[in-house]
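Have a look at the structure below before the remarks.
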Amino acid sequence: MSGLKTRQEVDVQVRTRGRVPHSAAEYAQEKVAAVLVHLSEPVLAARVKLTQVAGTPEATAQAMVDVNGRPVRAHVAATTLFEAVDLLQDRLRARLARVRRHASRGSDRHGPDEPRPAPAGDAHRPRRRHVPAEERGVVRRKTFFLARQTPEDAVIDLEAMDHGFWLFTDLATGHDSVVYRDPRTGRPRMASLGTPRPERAGEFTVSAAPVPASTVAGAVQRLRLTGLPFVFFRDTATGRGSVLYHRYDGHYGLITPAP
């Protein structure tokens, strides 16, 4: 029997939006497959979306990959589609590597006071379109059952999905919570409707500020005033932890837990 590992064949599906040349779609298939073919775990699905933004020089590329049941996402922007695909390949490779490291070593590989490197490719995030504050609205609302998980597992999902935050229910306390990367230190930071368990203080920077209780309209005002990328708040209508965030189209999105 041969001891050589056989490379897996990966079918990368590409969707396009806007004036995307066929050669760019083929290029994306090749670049993404070149990353996935070396993985030891089976790739169950791989999808890429290429977008040439109308009226602007910005091109975006997004990949969503199912690696043995765990979704991994990467999202980048550039001035051309081919440049965006090159950046997507680098970012997807980095996402997969970070997820493997977190899963094998735990979320806190660095010492509690050691600064962490900024996630690769952050400079190439899609730019948020400018919409005057008075014209912005909540254009997308998503409601789903939150994962009941430890903050450590929430950080793994945060890294895998390439999002700015991850909303979940703390397995130990039962409270709705959010994890995100502190922009100053790169360390995981956590906010919760309840009080996180004390032993987590060395693993996470835990927000000491109480989560604001607010209506959705109040959260919109808070987001406008603070300029933050998102607001985590206790919805006064439901009592649950929700997130209002800036979308790339310049408007707002709202994530709420299912009852």
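Laboratory data are not the source of any read-out in this text; all were calculated from the coordinates shown. All values reported here derive from a predicted model rather than from experimental measurement. Here the Cβ is made from the backbone with ideal geometry for all residues, glycine too, and neighbour counts use every protein chain on show.
Worth a mention:
- Length released on extending from Thr143 to Ala213, taking residue separation times 0.36 nm less the Cα-Cα span: 23.3 nm
- A cut-off of 5 Å between modelled amide H atoms, ignoring neighbours fewer than 5 places along the same chain, links Arg187 with Arg116, Asp182.
- In order along region 163-173, the Karplus-derived 3J(HN,Hα) couplings, from 6.51 cos²θ - 1.76 cosθ + 1.60 at θ = phi - 60°, round to 9, x, 7, 9, 9, 7, 10, 4, 4, 7, 9 Hz, and Gly and Pro are given as x.
- ³J(HN,Hα), Karplus 6.51/-1.76/1.60, whole Hz, each residue of region 241-256, x for Gly, Pro: x, 10, 10, 9, 9, 7, 8, 5, 7, x, 9, 10, x, 10, 10, 10
- One compactness figure for region 127-257 is 1.03, namely its Cα radius of gyration divided by 2.2 N^0.38 Å.
- Phi angles of region 206-218 translate, via the Karplus equation with coefficients 6.51, -1.76, 1.60 and θ = phi - 60°, into HN-Hα couplings of 9, 5, 8, 6, x, 5, x, 8, 7, 7, 4, 4, x Hz per residue; Gly and Pro are given as x.
- Taking amide H as placed 1.01 Å from N in the peptide plane, the amide H of Ala147 sits under 5 Å from that of Thr169, each at least 5 places away or on another chain.
- Cα-based values for region 12-105, radius of gyration first and Dmax second, are 13.3, 45 Å.
- Net charge, Arg148 excluded, C-beta distance under 11 Å - Lys, Arg +1, Asp, Glu -1: -3
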